[in-house]
Amino acid sequence: MAALQALNYKPAVPVPAHQFADAALRDSWIQDKGMVVFQMRSDSHPETCVDIFVREPNGVCSTESSHRPLSVPPHRILQRLSENIQSLIKHRIRDSQRR
């Protein structure tokens with residue numbers, strides 16, 4: 001969330017982004033609202049929304065044994081995510097300017 005917020009992304013629903021970290025709250029969103037994804041939007045990048053699955057979709061990991069501990073520090077993952085989002089936004093802007 002910090003990487004997205006650094007790029008001016010905010011939740012599309014009226015809740016603070018940090019609430020996504022609360023597993024019990026996510027479960028209530030699924031049960032009470034039928035939520036599948038938590039969408040983040042940015043006024044700076046209106047053409048690029050980011051959907052985050054509220055629960056891991058079926059079929060992504062076929063067995064529990066496929067889960068392995070991360071060997072990459074979490075801050076590197078966030079940095080890489082931020083770089084990828086920025087690259088995607090630049091490509092989208094460039095593509096829209098070509099039209």
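Computed from the coordinates by the stated procedures, all read-outs in this text should not be read as laboratory data. Note that the coordinates shown come from a computational prediction; the quantities given were computed from them, not determined experimentally. Here Cβ is always computed from backbone atoms with ideal geometry, including for glycine, and neighbour counts include all displayed protein chains.
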Could you give me the ³J(HN,Hα) list for segment 9-15, computed from phi with Karplus coefficients 6.51, -1.76, 1.60 and θ = phi - 60°, whole Hz, x at Gly and Pro? 7, 9, x, 6, 9, x, 9
Please list, in order along segment 40-51, the HN-Hα scalar couplings obtained from phi with the Karplus expression 6.51 cos²θ - 1.76 cosθ + 1.60 (θ = phi - 60°), rounded to whole Hz, x for Gly and Pro. 10, 10, 9, 5, 6, 9, x, 7, 10, 9, 10, 9
Tell me, what HN-Hα J-couplings in whole Hz come from the Karplus equation 6.51 cos²θ - 1.76 cosθ + 1.60 at θ = phi - 60° for each residue of segment 83-99, using x for Gly and Pro? 4, 5, 5, 4, 5, 4, 5, 4, 5, 5, 5, 4, 5, 5, 6, 6, 7
At a Förster radius of 35 Å, what calculated FRET efficiency corresponds to the Cβ-Cβ distance of Ile30 and Gln86, to the nearest 0.05? 0.70
